[in-house]
Amino acid sequence: MGHNLVLTRDGAIATVTLNRPDRRNALSDAMLTELGAAVAELRDDAATRVVIVTGAPPVFCAGADAPLRSKMTADERRRAFAQRKGQFRRLFERANTLLESLEQPTLAMINGHAIGGGWGLTLACDFRWAAAEAEFWIPEVDLGVPLGPASTARFVRLVGPARAKEIIMECRRYSAADAHAVGLLHRVVPGPSLVKEVRAYAEFLAAKPARPLAEAKARINAIARTGIPEVNAMTDGFLDRG
């Protein structure tokens, strides 16, 4: 991996860490390319049973990187994000699709704010655990850049169209407790306990038989997308991880 992302392995658990703390782990083209490469590497790693995705402290991810300056006007900020959206969206949706389709269970360990694409990235994971002080919001509409179709679809699948409209169109901030209440987080824990508790849950999942776990994940994802359990298509080609 490059310097934008760190991939570590500890037994059956791999951790992918967004590593641009000086930019609040904002998603640059290089980081998204490295994320896609890391996920592709893990896809073929039979020794890895669970994948954790997190950010270098103090935040999870500030969303799409853009050349913003502190004295920019609102219109200048909108133009900066609009210029980024095409290439960013292609790389972002490619990496997120790879992450979502991993056979291994994935856990987003949200150790701080998750903004825009940062929040969208968590939705591509199977489980989402957050520190109690984390905040979430989707600022795209206010920045003049509609949220990408893949993240929009994930919001709709997870919370339904009415709630998705509130989140995406209002652009308001959600506390971790708010996000949990609407079904977008599985657990909210005190920040100092987050790493320990996520690790314990990852070990719990890693101890389960990998093949049926992967098949269950594939079936649930396919039914969520289409409503039709294409069982044969979903279970072909699984790695026999035990």
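Bear in mind these aren't lab numbers, they're just calculated from the coordinates by the rules spelled out. All values derive from a computational prediction rather than experimental measurement. Positions of Cβ are backbone-derived with ideal geometry, glycine not excepted, and every protein chain shown enters the neighbour counts.
Report the one residue of ALA38, ALA150, LEU5 whose Cα lies farthest in the direction of the positive end of the charge dipole of segment 5-208 (charges on C-beta: Lys and Arg +1, Asp and Glu -1; origin at the Cα centre).
Of ALA38, ALA150, LEU5, it is ALA150.
Calculate, in nm to one decimal, what GLN87 and THR226 gain on full extension: separation in residues at 0.36 nm each, minus their alpha carbon distance.
47.3 nm
Which residues among segment 14-29 fall inside the zone where the amide N is under 19 Å from a point 7 Å beyond the Cα of ASP45, along Cα→Cβ?
Under cut-off, by backbone N: 14-20.
Tilt of helix 149-170 relative to the longest C-alpha principal axis of the chain, in degrees (0 to 90, nearest 10)?
Roughly 40 degrees between the two axes.
How many nm separate the modelled label positions at GLU133 and ARG163, each set 7 Å beyond the Cα in the direction of the Cβ?
Rounded to a tenth, the inter-label distance reads 2.7 nm.
For a Förster distance of 22 Å, can you work out the FRET efficiency between the beta-carbons of CYS171 and THR97, rounded to the nearest 0.05?
0.30
Can you sort ILE13, ILE110, ILE223 from fewest to most other Cβ atoms within 10 Å of each residue's own Cβ?
In increasing order of surrounding Cβ atoms, one gets ILE223, ILE13, ILE110.
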